[in-house]
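Read the structure below first, then the notes.
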Amino acid sequence: MGSAASHWVRWHDDYDQPGSFLAQRLRLVTGHVAAAIAARPAGPVRLVSMCAGQGRDVAGALDGHPRRGDVVGRLVELDPANVADARERLAGSGLEVVEGDAGTAAAYAGFLPADVLLVCGVFGNVSERDIRRTVSALPGMCLPGARVIWTRHRRSGDLTPTIRAWFAEAGFREVAFDAPEHMEIGVGVHELAEPLFTFV
Ligand SMILES: C[S@@+](CC[C@H](N)C(=O)[O-])C[C@H]1O[C@@H](n2cnc3c(N)ncnc32)[C@H](O)[C@@H]1O
């Protein structure tokens, strides 16, 4: 990648280094996205990825997936070079990649509620307040039984226990939480288990 590449383009370079932290994280995320697609009922599977980067996780999950043809949806990414890269990776799939601000509801218009939502590489880059607001907004973006796949580093002041509690409070059931000892990363999978409210 040339020196003119943006920070968020260069951030992806480590994906190409076998054994790197990002390459290992990618394997975990890709497996969970593929499983989330497989778990959905027959018919179209709507997928949304926030701050999608180069879409490597989604492309990896679709590669050879028996339900590849069912998957439709949208990846939202701000960096135009990453958008171009993701479009190339996902060409021929049912997914579109748009250049836009993933922090606005308009970015997902027509694609919500979704079956599978990716929030990867986001919670390590925004404030605690914004993580909590995002988690509490997720039920409104999800079909019943939809899965959210998310990541967050576990460095000093590990916030992942708190984020997992916020998911529970928002009505999600934890399907998986990967926290490999040798990696300072947490990969969470949460499934929407409860409607927004139930009359008492
Ligand atoms: C840490 S990377 C994660 C990329 C991808 N989700 C992954 O895990 O491989 C964060 C990405 O968010 C993008 N980004 C930052 N702010 C954004 C925003 N407001 N809306 C959409 N994308 C944004 C950056 O350009 C960058 O590609």
If you take the charge dipole of segment 42-94 about its Cα centre, with +1 on Lys and Arg Cβ and -1 on Asp and Glu Cβ, which of V76, G43, G64 is farthest toward its positive end?
-> G43
Could you let me know the centre-to-centre spacing of segment 78-137 and segment 1-69, using Cα atoms, in angstrom?
-> 12 Å
Identify the trypsin sites (Lys or Arg not before Pro) of segment 100-197 meeting these criteria: DSSP loop state and at most 14 other C-beta atoms within 10 Å of the C-beta.
-> R155
Can you give the calculated 222 nm mean residue ellipticity of the chain, where each DSSP H run of n ≥ 4 adds -39,500 (n - 2.57) and the sum is split over every residue, rounded to the nearest 500 deg cm²/dmol?
-> -9000 deg cm²/dmol
Return the single residue from D13, D115, D85 with maximal mean-square fluctuation; model: Gaussian network over the chain, springs between Cα atoms under 10 Å.
-> D13
Which value, in Å² rounded to 10, gives the accessible area of I163 with a 1.4 Å probe and all protein chains present?
-> 0 Å²
Quick calc, A91 & D158: beta-carbon distance into FRET formula, R0 45 Å, rounding 0.05, result 0.70
Kirkwood Rh in Å, taken over all unlike Cα pairs in the chain = 17.1 Å
For S49, other-chain or 5+-apart residues with amide H closer than 5 Å (H placed, Pro excluded) are R74, L75, V76, L118
Give me the distance in nm between label points sitting 7 Å out from Cα along the Cα-to-Cβ direction at D130 and D63, one decimal.
-> 3.0 nm
Mind listing the phi-derived Karplus ³J(HN,Hα) values for segment 168-181, rounded to whole Hz, using 6.51, -1.76 and 1.60 with θ = phi - 60°, and x for any glycine or proline?
-> 4, 4, 7, x, 9, 9, 7, 8, 7, 9, 8, 9, x, 4
Can you list the GluC sites (Glu not before Pro) in segment 140-200 that are in a DSSP coil and have 12 or fewer other beta carbons within 10 angstrom?
-> E181
Given V189, A137, A165, which one lies farthest toward the positive end of the charge dipole of segment 94-200, if we put +1 on the Cβ of every Lys and Arg and -1 on the Cβ of every Asp and Glu?
-> A165
Amide hydrogen neighbours beyond the local backbone of G100, cut-off 5 Å, H modeled | E77, L78
Solvent-accessible area per residue for the chain at a 1.4 Å probe radius, Å²?
-> 49 Å²
Per residue of segment 52-69, in order, report the coupling 6.51 cos²θ - 1.76 cosθ + 1.60 (Karplus, θ = phi - 60°) as ³J(HN,Hα) in whole Hz, putting x for Gly and Pro.
-> 6, x, 8, x, 5, 5, 5, 4, x, 5, 6, 4, x, 6, x, 9, 3, x
So what are the ³J(HN,Hα) numbers for segment 115-123, from phi and the Karplus equation (6.51, -1.76, 1.60; θ = phi - 60°), rounded to whole Hz, Gly and Pro as x?
-> 8, 9, 10, 9, 10, 10, x, 10, 5
Accessible surface of the chain [probe 1.4 Å, protein heavy atoms]: carbon and sulfur percent | 53 percent
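Note down the magnitude of the dipole of the chain about its Cα centre, charges +1 on Lys and Arg C-beta and -1 on Asp and Glu C-beta and zero elsewhere, to the nearest 20 debye.
320 debye
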Which of the chymotrypsin sites (Phe, Trp or Tyr not before Pro) across segment 91-200 are loop residues per DSSP, with 14 or fewer other Cβ within 10 Å?
-> F197, F199
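Ranking request for peptides 68-80, 19-31: highest mean number of other beta-carbon atoms within 10 Å first, then the rest in descending order.
68-80, 19-31
The values are calculated or read from the model by the stated rules, or taken from the named source; none is laboratory data. The model shown is predicted, which means the values in this text are computed figures rather than measured ones. Cβ coordinates were reconstructed from backbone atoms using ideal geometry, including for glycine residues, and neighbour counts include every protein chain displayed. Heads up: the accessible areas ignore ligands, DNA and RNA and are worked out on the full protein's heavy atoms, side chains in. Shrake-Rupley method; radii C 1.70, N 1.55, O 1.52, S 1.80 Å.
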